[in-house]
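Since every read-out is calculated from the coordinates, none of them should be taken as a lab result. All figures in this text were calculated on a predicted structure; none of them were measured in a lab. Positions of Cβ are generated from backbone atoms using ideal geometry, with glycine treated the same way; all protein chains shown enter the neighbour counts.
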Amino acid sequence: MNNSIESIVITGLGITVPQGQGKQAVSESLLKGSTCFSVMSKNGRQKESTFIGSEIQELNASGVKSCNALERVSYSLKVAAVTLNEAWDDANLSVIAPERIGLIAGGSNFQQRELVLRQEQYRDKPYYMRPNYGFNFMDGDLIGFCSQQFNIQGIGYTLGGASASGTLALIKAVQAVASGEVDVCICLGTLMDLSYFELYGLQALGAMGCVDGHCADQLCRPFDKNRRGFVYSEGCAAIVVESRKHALSRTAVPYAEVSGWSYHIDGHRNPDPQLEGEIRVIGNAIKNSGLSPNEIDYINPHATGSILGDEVEIKALAASNLRHAYINTTKSILGHSLSAAGTVEVVSTLLQMRSGRLHPSKNLDDPIDDDFNWVRTQAIVHDIKHALCLSFGFGGINTAICLHSKVS
Amino acid sequence: MDKLAIFNIIKGETLNVLSHIDEESVTEAASLRELGANSIDRAEIIMMALEKLNLRMPMIEFAKARNISDICALIENKLLEKG
């Protein structure tokens, strides 16, 4: 039983992470396992703190049509425009009617650092708050800005699903195409721009790792027995989806087919993950792809490096009969980009599919469960046929998506 | 503060917000809209000028200003009122 009668394919990708801008740079970094973790230095990231994370150093916006417009938008929006530009050109979207293109951006409250900086500036004189702030503070500004830059006039909205936002946005983009609302839909995993307030909160919660004796490079260790929590990263990705029929009619070459998906909530507020919910979403995504678990040959797990999250996830994968499939941890290299993570990791999966290799997992010295097909210190050769990508968000938001390399 | 000083502040903020325009085009007779400012750019320019002048004025008071000279006059009057 498939989710959609029509085959939905991916025809364009864009990605911007601290390791580099663009598919090629990111693919090479992943396969080499190059990390960029250090004490973060962007304005608004530290206050009597030494938070470790991975920051984009330089953003090349030269490809964006109206570069000048980037001067007065938030950092999340700048990175979105640059990333969307890559996917737009990759899928050659300029030939599509603007009203048949949609834009769904995964993430909510993603401009926190910029808002904190602006609020600090006007704390003692709020009556001079810039008029721009009156509409910039809302995430919808991203939709307005990007749709103007690229002339997108179909559907568009931002959606919030915590760390599952990026995958949720992709599922909603696929559904928008499957339902005929638009012919092409762009899913954007939005850069979550954290300020020191969120970083302190996440650390206090026990979700985010603090350095405490570990060097920056060793802090992020998903599925390792000595993991300490997730490590934050900037990141953004864009994925273009359309029906197979539509892609073929304009000779677009698909990366893969989105063969099945599933998402649901746990009915559980707190950040702790629920085993039953994860098992259910994995099982449904595989079933909706028309597959059985033994046909999945690669898993891109959520794998944040959080103490409880990793433990529950590995149990869910074991219970779903997936011990045979290759599995690695993209966040061990890139870090956790929260709202963008799901989109970033689907792009990472597709880049591995294209390269015929799987990237290593950093710091997986002592896996919490040995009886899995881990890709450990070195990249390996493998042609992915059926991939399973997972994202779970605070608030009990579970998502799973299956990708098939051979477009039927 | 004389009108020229006020004009220079408005001019500076105009060039800040509309970074692509020529300095010479920002004259007292010019209107911000003609220079390429949309309504938000215009509000930004006025608000940043008010901040520099340490003057509080509701934005609505500038609704009828047709050009930069009118904006300067409104600010000058408010400064005189304030004493």
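Where does the charge balance sit around A:Pro360 when Lys and Arg score +1, Asp and Glu -1, over other residues with C-beta under 9 Å from its C-beta? Numbers along the way, then the final one.
On the way: positive: A:Lys32, A:Lys362, A:Arg376; negative: none.
Surrounding charge for A:Pro360 is +3.
Length gained on full extension, A:Ala97 to A:Lys65: 9.7 nm, using 0.36 nm per residue less the C-alpha separation. Size descriptors for the range A:273-408: radius of gyration and Dmax over Cα atoms are 13.5, 40 Å.
Antiparallel beta bridges, as assigned by DSSP with both residues in the protein assembly as shown, represent about 65 percent of the total such bridges.
Work through the residues other than A:Ala87 whose Cβ is under 13 Å from its Cβ and net out their charges, Lys, Arg +1 and Asp, Glu -1.
On the way: positive: A:Lys23; negative: A:Glu86, A:Asp89, A:Asp90, A:Glu242.
For residues surrounding A:Ala87, the net value is -3.
Centroid-to-centroid, using Cα positions, the range A:81-148 and the range A:1-66 are 17 Å apart.
A Cβ-based charge dipole, computed about the Cα centre of the protein assembly as shown with Lys and Arg at +1 and Asp and Glu at -1, lands at about 240 debye. Could you tell me how far the Cα centroid of the range A:326-376 sits from the Cα centroid of the range B:1-69, in Å? Using only Cα atoms to place each centre, the spacing works out to 52 Å. Assuming charge only on the beta carbon of Lys and Arg (+1) and of Asp and Glu (-1), the dipole of the range A:1-159 about its Cα centre is about 420 debye to the nearest 20. Using Cβ point charges alone (K and R +1, D and E -1), the dipole size of chain B about the Cα centre works out to roughly 320 debye.
Direction-averaged projected area, Cα convex hull, the protein assembly as shown: 24.3 nm², rounded to one decimal.
For a paramagnetic label modelled on B:Asp70 (point 7 Å from Cα along Cα→Cβ), amide N atoms under 19 Å away belong, within the range B:34-60, to B:34-50, B:57-60.
A simple spin-label model places pseudo-atoms 7 Å from Cα toward Cβ; at A:Val253 and A:Lys47 they are separated by 5.0 nm.
List the relative contact order of chain A as a percent without decimals, with contacts defined as Cα pairs under 8 Å and 6+ residues apart.
Numbers: 1023 pairs, mean separation 100.6, N = 408.
Computed value for chain A: 25 percent relative contact order.
Look at A:His336, B:His20, A:His382, A:His268 and count the other Cβ atoms within 10 Å of each Cβ; fewest to most, that gives B:His20, A:His268, A:His382, A:His336.
Sites listed here are trypsin sites (Lys or Arg not before Pro) in the range A:166-238 whose DSSP assignment is loop and whose Cβ has at most 15 other Cβ atoms within 10 Å: A:Lys225.
Using a simple spin-label model with pseudo-atoms 7 Å out from Cα toward Cβ, B:Lys52 and B:Asn77 lie 2.2 nm apart.
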